[in-house]
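Structure record follows, encoded as structure tokens.
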Amino acid sequence: IHIMDKQVLESSEERTFQYQNSLPSLPVPPLDESLKKYLDAVKPFLNQEEYQRTEDIVKKFENGIGKELHQKLLERAKTRRNWLEDWWLNVAYLDLRISTQIYCNIGGPGPFIENYWPPKEGTQIERASVNIWHTLKYWDLLRAEKVAIERSRNAVLDMSQFRMLFCTCKIPGVTRDSICNYFKTETEGECPSHLVVLCRGRVFAFNAIHEGNMLNPAEIFRQLTYIQKRCHSEPDGPGLAALTSEERTKWAEIREYLIDLDPKNLTLLEEIQRSLFVVCLDDSSPYATPENYSEVTRMGLTGDPTVRWGDKSYNIIFFSNGTCSAFCDHSPFDAMALVTMLSYAEGEINESEGKWKGSDKVRDIPWPEELVFTVDQKIMNEIECAKESYYKKVSDLQLVSYAFTSFGKALIRKKKLHPDTFVQLALQLAYYKCHGRPGCCYETATTRRFYHGRTETIRSCTVEAVEWCKSMLDPSASAYQRQQLMLKAFAKHNKMRKECENGKGFDRHLLGLLLIAQEQGLPVPELFVDTAFTTSGGGGNFVLSTSLTGYTKFSGSALPMVHHGYGFFYAIRDDRIVVTCSSWKSCPETDAEVLCRTVFQCFQDMLQLTVTAQL
């Protein structure tokens with residue numbers, strides 16, 4: 001009976017991927033609804049005359065070519081569980097020819113400095129070993145399908161992105177990149193189990209499993225110490241990883257050349273591609289405090305290109321002073337899958353007070369092997385060019401990451417306001433204050449309640465938000481008027497978020513219509529060439545590119561979408577809001593530091609409003 005019970009228990013536990021095949025397909029919303037929402041979204045950016053013109057274009061589209069394209073889109077959706085998936089991957093990521101490592105990758109610092117791991121020289125390898133071990137435990141849980149299924153208000157969320165955290169890499173192509181993923185669950189079969197370590201321009205690999213058992217932190221420590229000792233006492237390697245920061249077509253061509261030079265190079269590249277993840281030992285020591293993560297965030301996103309593999313889905317960077325950062329290719333997953341994994345590791349690290357309390361027994365495991373590439377003078381020159389070009393581009397980045405510590409989620413919730421909307425509206429007000437006009441804004445909403453769902457755009461700059469911003473700058477408006485307008489803006493934003501999460505947004509729908517036209521070789525419909533389309537953010541022209549990185553300790557960032565724009569990312573905790581804001585120094589009218597400080601002031605102003613007007 002006892003054995004029976006155990007079996008029943010085990011089989012009644014949910015498996016991570018068990019509902020994948022029963023998730024609903026991604027819907028195509030009705031055309032008239034999407035167009036109505038689009039018209040509403042462009043309003044803040046147009047005068048009466050311009051709006052009239054756009055309205056005419058939209059009506060013409062709805063009754064003409066739009067109708068046909070919509071029918072074709074419905075046809076496509078009949079044969080696919082997610083009509084957007086391949087298109088989105090290509091258009092948003094794989095077709096890009098710019099340096100994706102610089103302009104698209106995502107990353108963020110570990111919050112460990114706040115508990116057991118303050119910056120301290122001489123701790124790099126020890127902390128790396130503990131962190132890597134917990135990450136390997138997570139990989140183990142995922143392979144056993146024991147990672148908890150995520151839900152949103154009881155709806156099961158798609159878990160497929162979690163498969164991309166490990167053994168995943170992007171491969172550059174001359175016209176389009178591709179993603180290779182070698183992860184397998186235990187039931188699916190063998191999964192690669194080696195790690196790649198980058199240090200001082202060199203590449204090493206070692207297996208995380210020895211004779212069927214995972215390496216413990218003491219054993220990982222031995223492997224990393226061996227690598228570091230060698231790198232610090234011998235000449236630097238060529239720094240081949242810097243090539244991943246090149247523009248995509250160029251990197252694809254260099255990669256082909258590298259493989260032609262020596263077929264062994266392909267084997268080594270495949271070693272990196274197949275690896276669980278990449279461990280980066282970085283010699284710099286970025287400043288970091290719980291209130292100021294600016295430098296460690298900037299170094300994580302744009303540090304030494306010879307010690308990160310830009311195409312790898314997960315690089316974990318350990319700096320010389322024991323601080324760390326995640327750095328990821330954005331194409332295979334969105335940030336929340338990463339945040340979930342990092343939060344697991346953080347919980348475990350805190351539980352053991354940042355130490356390893358298990359056995360220090362070190363087995364006789366094989367030493368790490370160096371992956372030595374065959375290079376010639378041309379490759380060496382290309383690496384130098386890549387580094388030069390990289391540093392030139394990233395030196396233009398202005399990035400700040402500060403904690404607003406006056407209050408956080410707890411107080412906002414107490415006021416019966418949605419914390420995410422609170423931050424979005426503060427940002428709208430701050431942009432309006434700094435720039436004297438509304439800022440078109442992209443906020444990420446998740447569509448993971450659908451099969452292989454990823455994201456939809458919430459356009460935060462609504463008519464309601466702008467009306468409220470104007471009242472805040474109008475000395476004749478009363479606190480009561482401001483408060484009423486604020487609540488209207490909140491309600492509108494909350495409604496949009498809900499619609500987007502339920503597949504009723506309009507940005508992906510419009511993209512689908514445009515892509516159908518392109519596939520059929522039809523001319524680009526007028527709707528997409530209309531200036532209103534671009535001015536309101538369409539076609540990747542959002543001035544504010546924003547996302548909530550969750551209600552966790554993990555903050556992170558991506559860079560601005562356009563040259564005159566900002567990247568604005570925020571983590572909302574019970575007692576604080578950590579904001580990471582980026583802009584380009586070469587753009588005279590943007591200033592990340594000023595925008596961030598203004599947002600913090602707006603947080604206070606909004607709270608004041610709830611007090612004055614007795615919310």
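Stretching the chain fully between ARG230 and LYS488 yields a gain of 86.6 nm (0.36 nm per residue, less the alpha carbon separation). Ordering 150-160, 97-107 by mean Cβ neighbour count within 10 Å, with the highest value first, yields 97-107, 150-160. Here the Kirkwood formula puts the hydrodynamic radius of the stretch 383-472 at 16.5 Å, using every distinct Cα pair.
Is the shape of the stretch 211-257 best called rounded, prolate or oblate, per the rule: a/c under 1.5 gives rounded, else a/b larger than b/c gives prolate, else oblate, with a ≥ b ≥ c the square roots of the Cα gyration tensor eigenvalues?
Oblate is the answer for the stretch 211-257, as a/c is 1.5 or above yet b/c matches or exceeds a/b.
Computed from the C-alpha gyration tensor, the three semi-axes of the ellipsoid equivalent to the chain are 41, 28, 26 Å, from longest to shortest. In a fully extended conformation the segment linking ASN63 and GLN18 would gain 11.9 nm over its present Cα-Cα distance, using 0.36 nm per residue. Contact order, relative form, for the chain: 20 percent (alpha carbon pairs under 8 Å, 6 or more residues apart, mean separation divided by residue count).
With bins 10 Å wide beginning at 0, the percent of Cα pairs of the stretch 564-615 falling in each bin runs 22, 42, 26, 9, 1. The alpha-carbon positions of the stretch 247-383 define a convex hull whose volume is 159 Å³ per residue.
The base-10 log of I(q)/I(0) for the stretch 107-396, evaluated at q = 0.09, 0.12 Å⁻¹, reads -0.42, -0.76 [Debye formula, identical scatterers on Cα atoms, solvent excluded].
Take each peptide in 535-541, 113-119, count the other Cβ atoms within 10 Å of every residue, and average; sorted highest first, the result is 535-541, 113-119. Roughly how far apart, in whole Å, are the Cα centres of the stretch 581-613 and the stretch 452-482? Using only Cα atoms to place each centre, the spacing works out to 14 Å. Counting only DSSP H runs of at least 4 residues, each contributing -39500 (n - 2.57), and dividing by the residue count of the chain, the helix-based mean residue ellipticity at 222 nm comes to -13500 deg cm²/dmol. Pull up the cross-link candidates among the aspartates and glutamates for LYS585, meaning alpha carbon to alpha carbon under 15 Å and not fewer than 8 places away within one chain. Partners found: ASP396, GLU593.
Computed log10 I(q)/I(0) for the stretch 317-371 at 0.23, 0.27, 0.29 Å⁻¹: -1.06, -1.06, -1.10, from the Debye equation with unit scatterers placed on every C-alpha and solvent omitted.
The stretch 382-448 and the stretch 491-543 have Cα centres lying 22 Å from one another. Taking all Cα-Cα distances within the stretch 97-233, those exceeding 24 Å account for 48%. Each DSSP beta bridge with both residues in the stretch 107-396 is either parallel or antiparallel, and the antiparallel ones are about 75%. For the chain, the per residue solvent-accessible surface stands at 41 Å², with DNA, RNA and ligands left out and a 1.4 Å probe. Solvent-accessible area assigned to carbon and sulfur over the stretch 381-500 amounts to 53 percent, based on a 1.4 Å probe. When the solvent-accessible area of the stretch 143-263 is split by element, carbon and sulfur atoms take up 48 percent of it, the probe being 1.4 Å. For the chain, the share of DSSP beta bridges that are antiparallel, to the nearest 5, is 75%. Here the contact order of the stretch 107-396, divided by its residue count and restricted to Cα pairs under 8 Å and six or more residues apart, works out to 31 percent.
Using only the C-alpha atoms, the convex hull of the stretch 126-192 corresponds to 148 Å³ per residue.
The values are calculated or read from the model by the stated rules, or taken from the named source; none is laboratory data. Keep in mind the model is a prediction, meaning the values are calculated, not measured. All Cβ positions, even for glycine, are placed from backbone atoms using ideal geometry, and neighbour counts span all protein chains on display. Quick note on the areas: whole protein, heavy atoms, side chains included, nothing else; ligands and nucleic acids left out. Shrake-Rupley method; radii C 1.70, N 1.55, O 1.52, S 1.80 Å.
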